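The values are calculated or read from the model by the stated rules, or taken from the named source; none is laboratory data. Because the structure is predicted, anything quoted here is derived from the model rather than measured. Here the Cβ positions follow ideal geometry from the backbone for every residue, glycine too, while neighbour counts run over all protein chains shown.
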């Protein structure tokens, strides 16, 4: 599973309509260019591919004030919304995905209702515990990795990663249960995207060429 589809769908969905440079600017604002494959080329490619797949619809609009060809703005379709929530739910519950996928899901988690977010995170803990149990059928942490030679370090890493992942997830569950964050249906959500023309302190320094792809 690639984080880029979830990130792009999430960014477009938050704006309602968004052109490529806006999406790129938002993902840089989230720091996604540092922890995921959300690089400029990947973002524009994802927008075009998902438009071809019917997940986004492309609208040609007037040129920007900077001049250049007309912009292409994107809007999430019903199929795109369904895909977005499918990816989001899978990313929250799967223990074996890379950190960029989980990071993308965390950036979008408040689009779920609070009760569902908690349910999915509890499923994540169950999956982590299941994985840990499978590993410890062959490896006893108390005996240390040396009993299996240096290969034991692999299982040792898996066990420690599982324990850390479960502990972090329980902490997140506790914060959400205590009322942290504004989830779907609870009121005005946190604004996690930049308004048109708003300064982005995390930008890489490339300006909008005018006709965003």
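Key figures
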item	result
Number of positions in the range 37-54 that are part of a loop (DSSP other than H, G, I, E, B) and surrounded by fewer than 18 Cβ atoms within 10 Å (Cβ to Cβ)	4
Selected residue (only one of 149, 192, 165 is modelled with pLDDT under 90 and in a helix (DSSP H, G or I))	149
Residues (in contact with a strand residue (DSSP E or B) (Cβ under 7 Å, 6 or more places away or on another chain), modelled with pLDDT of 90 or more and surrounded by fewer than 17 Cβ atoms within 10 Å (Cβ to Cβ)) located in the range 60-82	75, 77
Matching residues in the range 99-113 - criterion: being over 8 Å from the mean Cα position of the chain (by Cα) and either over 18 Å from residue 180 (Cβ atoms) or outside any helix (DSSP H, G or I) (or both)	99, 112, 113
Any chance residue 95 is part of a helix (DSSP H, G or I) and either touching a helix residue (DSSP H, G or I) at 6+ places or on another chain (Cβ under 9 Å) or assigned by TED's automatic domain parsing to the domain that holds residue 158 (or both)	no
